[in-house]
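Data block below; observations after.
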Amino acid sequence: MEQESGDLDSLVRKRIRALRVAQGWSLEELASRANISQSSLSRIENGRRRLALDQLVTLARSLDTTLDQLVETAADDVVSSPMIDSAHGMMRWSVKGDPGVSVVRQRITGPPPANPARMRAHPGREWLVVLSGTAVLMLGHRRFRVETNQAAEFPTMMPHALGAEGGPCEILGMFDRDARRGHQRDTGIDGRDRDPQDTRD
């Protein structure tokens, strides 16, 4: 138990320093923002001063994070494997921070459906980034070309569909809980009919 406490203490100190460096701040600048002395902050980062709760709260706020995130312990399951949906050309990962969120890597080969009746609408929000090729995103009556390394974000209550232009494209999409449920209720995530053998949630 003492070792776990010591590991957490060391982790918190490393996080404080890493967050400060990521902001491009000197010891002096963070100390000023947190209203503590520069020498106190240096001793906190170097393990020569006891971590006090009130100072951690102030430091977390100054570093634009929360106390919970600052003291969160590392999870054992750092690496996760995707579920393969070969029927729809997809790999799907769950996002640990929110069990309702899914990340999907998908290869799209055809254009978006020409029939507006094939467009989906349901509660939720969706984000996507194009890894290769050019995707076509239909939102209502609007048509968007999303090139490699470009991203799109939209509410899924807007009728929508995805396709490819000029050849296959690969996308990485993120779906919140509602969008995931809406897409998977009776179709594949790409809007094609779902494989009846695919019973995965």
For the list (1) without any contact (Cβ under 8 Å) to a residue 60 or more places away in the chain; (2) under 30 Å from the mean Cα position of the chain (by Cα); (3) surrounded by 13 or more Cβ atoms within 10 Å (Cβ to Cβ), I need the number of the one condition that Lys14 fails. (3)
Is it the case, given these coordinates, that Leu137 is modelled with pLDDT of 90 or more and either closer than 12 Å to Pro112 by Cβ or outside the structural domain of Val104 (by TED's automatic domain parsing) (or both)? yes
Any chance Phe144 is assigned by TED's automatic domain parsing to the domain that holds Ala87, more than 20 Å from Ala87 (Cα to Cα) and within 19 Å of the chain's Cα centre (by Cα): no
Hey, could you check the stretch 128-160 for residues that are among the polar types (S, T, N, Q) and more than 22 Å from Arg177 (Cα to Cα) and say which is surrounded by the most Cβ atoms within 10 Å (Cβ to Cβ)? Thr134
With criteria (1) touching a helix residue (DSSP H, G or I) at 6+ places or on another chain (Cβ under 6 Å); (2) modelled with pLDDT of 80 or more; (3) small (Gly, Ala, Ser), Gly110 comes up short on (1)
For the stretch 6-43, enumerate the residues that are among the hydrophobic types (A, V, I, L, M, F, W, C) and closer than 18 Å to Glu72 by Cβ. Leu8, Leu11, Val12, Ile16, Ala18, Leu19, Ala22
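The values are calculated or read from the model by the stated rules, or taken from the named source; none is laboratory data. Not measured: the values here are computed from a predicted model. Don't worry about glycine lacking a Cβ; one is built from the backbone with ideal geometry, like all the others, and counts go over all protein chains shown.
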